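Let me begin by presenting the structure, written as structure tokens, before commenting on it.
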Amino acid sequence: MPSVNTASKGYRDLPIADSHIHMTYPMPLSEQAWMLRGYMDYFG
């Protein structure tokens, strides 16, 4: 069950998502940003 940090703990009242992406081959930074934006839009 995910926990939500509260103001009483000194944190904002927002859920935290710890995530990352594995890139398997080199690509220009602009393409990486384009792909990451697509993932973020799709998964929210």
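The values are calculated or read from the model by the stated rules, or taken from the named source; none is laboratory data. Owing to the predicted nature of the structure, the values given are computational and were not obtained by experimental measurement. Glycine also receives a Cβ, built like all others from the backbone with ideal geometry; neighbour counts cover every protein chain displayed.
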(message) Between MET35, MET27, which is in contact with a helix residue (DSSP H, G or I) (Cβ under 9 Å, 6 or more places away or on another chain) and either at pLDDT 85 or above or assigned to a loop (DSSP other than H, G, I, E, B) (or both)?
(response) MET27
(message) I'm told MET1 meets every condition in (1) at pLDDT below 70; (2) surrounded by 10 or more Cβ atoms within 10 Å (Cβ to Cβ) except one. Can you identify the failing condition by its number?
(response) (2)
